[in-house]
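This report refers to the structure that appears directly beneath it.
The values are calculated or read from the model by the stated rules, or taken from the named source; none is laboratory data. None of the values given here were measured: they were computed from a predicted structure. So basically every Cβ, Gly included, is an ideal-geometry build from the backbone, and we count neighbours across all protein chains shown. For the accessible areas, the whole protein counts, side chains as well, though only heavy atoms, and no ligand, DNA or RNA atoms are used. Shrake-Rupley method; radii C 1.70, N 1.55, O 1.52, S 1.80 Å.
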Amino acid sequence: MTNSRPLTSLPTGEVQAIPDRKITEETCRKYGYKVATDGRHLAEYRNQSGEHVATHIRYLNPKRFSWVGHSKDVQLQLFGQQPEIKGTLVITEGELDAMSVHEACNGAYTAVSITSGTGSVKKDIAK
């Protein structure tokens, strides 16, 4: 279901590898993870219909996070959620963690992340 309010312009970036985490460009493409020209990391979040409705922004220095888009009033999928679960489902606390599990296990597991830290676990899983 699409939110009826107009969507705030979502930030854009390039899909690229995250070398310090040993995350490939292919994994970032699969997960919808980009890097902006100013170095911010951009994690795309989708609603239950698969539409990109929010972006979780990770600032690197100093490390902090913010949201752009409809992050509060739509039912977001878990980060990395796919229509089919392949193998074991691994739920992590962060986007980089989910992609790291995917890399470490050569894609044998479905690795996802909750949306907003450990305080959101119950709510995210219920969705």
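Structural remarks
- Exclusive hit being part of a helix (DSSP H, G or I) and either within 12 Å of the chain's Cα centre (by Cα) or at pLDDT 90 or above (or both), set D97, D38, D124: D97
Results for (1) modelled with pLDDT of 95 or more; (2) of a type in the set (K, R); (3) more than 24 Å from D20 (Cα to Cα), shown as yes or no for each residue.
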site	(1), (2), (3)
L42	yes, no, no
V74	no, no, yes
G87	no, no, yes
G107	no, no, no
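- When each of I85, I57 is tested for being part of a strand (DSSP E or B) and of a type in the set (V, I, T), the lone residue that passes is I57.
- Hits in the stretch 104-117 - residues which are under 15 Å from the mean Cα position of the chain (by Cα) and farther than 19 Å from H70 by Cα: T110, A111, V112
- Of all residues in the stretch 84-115, those satisfying the criterion of being open to solvent by 40 Å² or more (accessible area, probe 1.4 Å) and either charged (D, E, K, R) or touching a residue at least 24 places away in the same chain (Cβ under 8 Å) (or both) are E84, I85, K86, I91, E93, D97, E103.
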